[in-house]
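Asker: Here you go, one structure.
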There are 2 protein chains.
Amino acid sequence: MSAPITTDIVIVGAGPVGLFAVFEAGLLKMRCHVVDALPQIGGQLSEIYPRKPIYDIPGFPDVLAQDLIDNLEKQIEPFHPTYSLGERVETVEKLEDGSFVVGTNEGTQIHAKAVCIAGGLGSFEPRKPPLENLADYEGGKGIQYMVKDPEKFRGRKVVIAGGGDSALDWCMYLADVAEELTLVHRNNGFRGAPDSAAKVEQLAQEGKINLLLSTNVTALNGDGQLASMEVTNKAKEVKTIEVDDFIPLFGLSPKLGPIGEWNLGIEKNQVEVDTEKFQTSTEGIFAIGDINTYPGKLKLILSGFHESALMAHAAFKYMNPGAKVNLKYTTVNGVSGF
Amino acid sequence: MSAPITTDIVIVGAGPVGLFAVFEAGLLKMRCHVVDALPQIGGQLSEIYPRKPIYDIPGFPDVLAQDLIDNLEKQIEPFHPTYSLGERVETVEKLEDGSFVVGTNEGTQIHAKAVCIAGGLGSFEPRKPPLENLADYEGGKGIQYMVKDPEKFRGRKVVIAGGGDSALDWCMYLADVAEELTLVHRNNGFRGAPDSAAKVEQLAQEGKINLLLSTNVTALNGDGQLASMEVTNKAKEVKTIEVDDFIPLFGLSPKLGPIGEWNLGIEKNQVEVDTEKFQTSTEGIFAIGDINTYPGKLKLILSGFHESALMAHAAFKYMNPGAKVNLKYTTVNGVSGF
């Protein structure tokens, strides 16, 4: 185990709100170290819907999710945040002087004056289809629950399952990439955007994808590597499909994860905070963005941005008791980094 | 007096926060009518510092104030807000059914189901120099307190007074426009950005402007139209300057204005609100942005943006008692206007 990293605020979560917290902390001259279980910054925006437009960020009539992350990365650059990516925060210990040691599953230790949880949905897990031998094909043997690199599917036989936006979007995208693409959906209609549903139906009519509605995947077969699957429709007709890659896109099931064991006030999987400091039930541990809850809470990115500003002021006061914080307007002197 | 305008929410103030409130209201299918005392939208950003970069809007490493307003105008376009610009809100009356009639100084009457005050600093007034016959030259007779159209000063003899950013910025800008430009400042050093101060001093050294430090304007002369002024320095030396236009830029003094008489809870010139609905002490009247106060309040544009979202949800519940609000994510279905 290497020497602990030291910083002012350890931020748990590198989504848009965690990133902007680096900016608000930086304006008050506090340095940040950011930890995220995902291998890259951006949280859900980069992982789940990088190419989707967002319409409700103030000042952007529309912005692609990944572009918003790229902009935020540029915006916080002057404050040189440090990162532990691909590591999951596991433990927190409050020391006698009020500072904290946070530990990750990789053995990294971070010593910080305050902790800010910006964990979004938590360390979320994909919802999995109820198939017996699913685990046999996980870990690169034919099943994946997220599309990270669409090019990986070029020239391959792909089956997507699901009826929401992710399933529809990837279906449209991969129609031109995969050698053969099948969309399996248990119902007759889609939950996703009517627009996308219409396009997917058109792709099916043009013979560019196979569309199996009112159908479930009922068995997976292969010898070490997924080779085929059995699908069953409402009329109980069973069919076998050859498949290289199976992508079940049934959404994500948020799990609070180890943070749930930090003895913080929790309500329905969310961390309770006040609306003045966005502080949890433990002084010095703050929570901002989708992971927190308070009266009136809306799970909007823009709310997390606001919360990060108030959190930063409160964290400053926590680590500098008695000091006066001055709200500085960047229009006057710009942003001076570290 | 014409027939009253009817709308869902009357928004008092067309600054960035008032404009974004149109968006958040629109997502919940509420229409808005916006009133502002200024002749154009944008509030302080368009009126006081249109060409200044802002660095603390999330997702914008930097953005010019006017560009942010232009973006917001585009973002709310689908919701077709209506405006009464150049009119000051004076009166509010709550009707028995819980709706409101808001009246302006121009006699316009707006009947709305809810009122949202997004009044920024209030209806602010420029701070004026203590000169006896100041009023004689106001109203187009030689004195103006804001620069609206810099081209108006082309080829003219201009005197700016002040030592803050506005004075420095306009000094730099008008150096190339005015025939003769003088900057009068009562102190020896400037309050504005050191950068700008250095540039202004350089302009003076190059003979492009006249810089009179430790000097006050002590008298104004002219026959109906300002023609000359007397300035006095610390050594009590008196000098007379020819002048077509005198622009005292001593900052703005915020005045709550008529809203102060609406019987709302007020603390230090700000309207008290809760942090769940951003509602004032009168049910159905909300206040967002710089004009409100609550524990932890930071006067940031981004806080006003967040407040506008929670206000919209609360206003929806106020005018649709018992109805359920669904938080809609624009990433799924985009924005559908009216």
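Asker: Would you mind stating whether residue A:166 is modelled with pLDDT of 95 or more, hydroxyl-bearing (Ser, Thr, Tyr) and either in the same structural domain as residue A:145 (by TED's automatic domain parsing) or open to solvent by less than 30 Å² (accessible area, probe 1.4 Å) (or both)? Explain how you work it out, then say what you get.
Answerer: Values: modelled with pLDDT of 95 or more: no; hydroxyl-bearing (Ser, Thr, Tyr): yes; either in the same structural domain as residue A:145 (by TED's automatic domain parsing) or open to solvent by less than 30 Å² (accessible area, probe 1.4 Å) (or both): yes.
The answer is no for residue A:166.
Asker: Looking for something part of a loop (DSSP other than H, G, I, E, B) and surrounded by 18 or more Cβ atoms within 10 Å (Cβ to Cβ) - is there at least one such residue anywhere in the range A:208-219?
Answerer: yes
Asker: Which count do you get for residues in the range B:275-291 that are free of Cβ contacts under 8 Å to residues at least 60 places away in the same chain and touching a strand residue (DSSP E or B) at 6+ places or on another chain (Cβ under 9 Å)?
Answerer: Number satisfying all stated conditions: 4.
Asker: Confirm whether residue A:22 is open to solvent by 10 Å² or more (accessible area, probe 1.4 Å) and of a type in the set (Val, Ile, Thr).
Answerer: Against the criterion (open to solvent by 10 Å² or more (accessible area, probe 1.4 Å) and of a type in the set (Val, Ile, Thr)), residue A:22 does not qualify.
Asker: Checking the structure you have, find out if any residue of the range B:97-112 is touching a His at 6+ places or on another chain (Cβ under 9 Å), closer than 26 Å to residue B:48 by Cβ and not charged (D, E, K, R). First the steps, then the outcome.
Answerer: Kept after step one, since they are touching a His at 6+ places or on another chain (Cβ under 9 Å), are these residues of the range B:97-112: B:99-102, B:110, B:112.
Add one more test, that the residue is closer than 26 Å to residue B:48 by Cβ, and what stays is B:102.
Those still in the list that are not charged (D, E, K, R) too: B:102.
Within the range B:97-112, one or more residues are touching a His at 6+ places or on another chain (Cβ under 9 Å), closer than 26 Å to residue B:48 by Cβ and not charged (D, E, K, R).
Asker: Only one of A:226, A:298, A:310 is aliphatic (A, V, I, L, M), in the same structural domain as residue A:17 (by TED's automatic domain parsing) and in contact with a Lys or Arg (Cβ under 7 Å, 6 or more places away or on another chain); which? Lay out the reasoning, then the answer.
Answerer: Working: A:226 fails: in the same structural domain as residue A:17 (by TED's automatic domain parsing); A:298 fails: in contact with a Lys or Arg (Cβ under 7 Å, 6 or more places away or on another chain).
Sole residue among the options that is aliphatic (A, V, I, L, M), in the same structural domain as residue A:17 (by TED's automatic domain parsing) and in contact with a Lys or Arg (Cβ under 7 Å, 6 or more places away or on another chain): A:310.
Asker: Still on this structure, I have one more. Inspect the range A:187-205 for any residue being free of Cβ contacts under 8 Å to residues at least 40 places away in the same chain and either part of a strand (DSSP E or B) or closer than 27 Å to residue A:136 by Cα (or both) and give the result as yes or no.
Answerer: Within the range A:187-205 (the criterion being free of Cβ contacts under 8 Å to residues at least 40 places away in the same chain and either part of a strand (DSSP E or B) or closer than 27 Å to residue A:136 by Cα (or both)), the answer is yes, since at least one residue qualifies.
Asker: Also, quick follow-up: Quick one: in the range B:308-338, which of the residues that are within 7 Å of chain A (Cβ to nearest Cβ) and open to solvent by less than 10 Å² (accessible area, probe 1.4 Å) is modelled with the lowest pLDDT?
Answerer: Residue satisfying both the conditions and the ranking: B:330.
Asker: If we scan the range B:58-80, do we find a residue that is in contact with a helix residue (DSSP H, G or I) (Cβ under 6 Å, 6 or more places away or on another chain) and farther than 26 Å from residue A:68 by Cα?
Answerer: Looking through the range B:58-80, none of the residues is in contact with a helix residue (DSSP H, G or I) (Cβ under 6 Å, 6 or more places away or on another chain) and farther than 26 Å from residue A:68 by Cα.
Asker: Oh, and also: Only one of A:22, A:12 is in contact with a Pro (Cβ under 6 Å, 6 or more places away or on another chain) and within 18 Å of residue A:84 (Cα to Cα). Can you tell me which?
Answerer: On inspection, the qualifying residue turns out to be A:22.
Asker: A further question follows. Taking the residues in the range B:229-281 that are within 14 Å of chain A (Cβ to nearest Cβ) and outside any strand (DSSP E or B) as candidates, determine which candidate is modelled with the lowest pLDDT.
Answerer: Residue satisfying both the conditions and the ranking: B:251.
Asker: Could I ask something else about it? Which one of these is at pLDDT 95 or above, farther than 25 Å from residue A:28 by Cβ and not acidic (Asp, Glu): A:103, A:86, A:98?
Answerer: After ruling out the rest, the residue left standing is A:103.
Asker: Something else: Could you tell me whether residue A:160 is assigned by TED's automatic domain parsing to the domain that holds residue A:87, in contact (Cβ under 8 Å) with a residue 40 or more places away in the chain and in a strand (DSSP E or B)?
Answerer: Taking the combined requirement at face value, the residue does not satisfy it.
A quick yes/no check of all residues on (1) open to solvent by 30 Å² or more (accessible area, probe 1.4 Å); (2) under 19 Å from the mean Cα position of the chain (by Cα); (3) of a type in the set (Ser, Thr, Tyr):
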site: A:34; (1), (2), (3): no, yes, no
site: A:47; (1), (2), (3): no, yes, no
site: A:58; (1), (2), (3): no, no, no
site: A:79; (1), (2), (3): no, no, no
site: A:85; (1), (2), (3): yes, yes, no
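Asker: Now for a separate question. Are any of the residues in the range B:256-273 open to solvent by less than 30 Å² (accessible area, probe 1.4 Å), over 14 Å from residue B:115 (Cβ atoms) and within 21 Å of the chain's Cα centre (by Cα)? Before you say what the answer is, go through the steps one by one.
Answerer: Within the range B:256-273, the subset open to solvent by less than 30 Å² (accessible area, probe 1.4 Å) is B:256-259, B:262, B:264-265, B:271, B:273.
Now narrow it down to the ones that are over 14 Å from residue B:115 (Cβ atoms): B:256-257, B:265.
Filter once more, keeping what is within 21 Å of the chain's Cα centre (by Cα): B:256-257.
Yes, there is a match, as at least one residue in the range B:256-273 is open to solvent by less than 30 Å² (accessible area, probe 1.4 Å), over 14 Å from residue B:115 (Cβ atoms) and within 21 Å of the chain's Cα centre (by Cα).
Asker: Quick test of your reading of the structure: residue B:3 fulfils all but one of (1) out of contact with any strand residue (DSSP E or B) (no Cβ under 7 Å at 6 or more places or on another chain); (2) of a type outside the set (Ser, Thr, Tyr); (3) surrounded by 21 or more Cβ atoms within 10 Å (Cβ to Cβ). Name the failing condition by number.
Answerer: (3)
Asker: Give the residues of the range B:281-307 that are surrounded by 18 or more Cβ atoms within 10 Å (Cβ to Cβ), under 22 Å from residue B:71 (Cβ atoms) and within 18 Å of the chain's Cα centre (by Cα), sorted by residue number.
Answerer: Answer for the range B:281-307, where residues must be surrounded by 18 or more Cβ atoms within 10 Å (Cβ to Cβ), under 22 Å from residue B:71 (Cβ atoms) and within 18 Å of the chain's Cα centre (by Cα): B:288, B:289, B:290, B:300, B:301, B:302, B:303, B:304, B:305.
Asker: Looking only at the range B:224-244, which residues are in contact with a strand residue (DSSP E or B) (Cβ under 7 Å, 6 or more places away or on another chain), among the charged types (D, E, K, R) and open to solvent by 90 Å² or more (accessible area, probe 1.4 Å)?
Answerer: B:239, B:242
Asker: How many residues does the range B:112-130 contain that are open to solvent by less than 30 Å² (accessible area, probe 1.4 Å), under 20 Å from residue B:279 (Cα atoms) and touching a strand residue (DSSP E or B) at 6+ places or on another chain (Cβ under 8 Å)?
Answerer: Number satisfying all stated conditions: 7.
Asker: In addition: Applying the selection to the range B:163-186, what residues are within 19 Å of residue B:66 (Cβ to Cβ) and part of a loop (DSSP other than H, G, I, E, B)?
Answerer: B:177
Asker: Another question about this same structure. Against the definition (over 14 Å from residue B:257 (Cα atoms), crowded, with 19+ Cβ neighbours inside 10 Å and among the polar types (S, T, N, Q)), how does residue B:109 come out, yes or no?
Answerer: no
Asker: Residue check: is residue B:286 on the phi > 0 side of the Ramachandran plot and within 14 Å of chain A (Cβ to nearest Cβ)?
Answerer: no
The values are calculated or read from the model by the stated rules, or taken from the named source; none is laboratory data. The structure displayed is predicted, hence computed values, not measured ones. All Cβ positions, glycine included, derive from the backbone under ideal geometry; neighbour counts span all protein chains shown. Heads up: the accessible areas ignore ligands, DNA and RNA and are worked out on the full protein's heavy atoms, side chains in. Shrake-Rupley method; radii C 1.70, N 1.55, O 1.52, S 1.80 Å.
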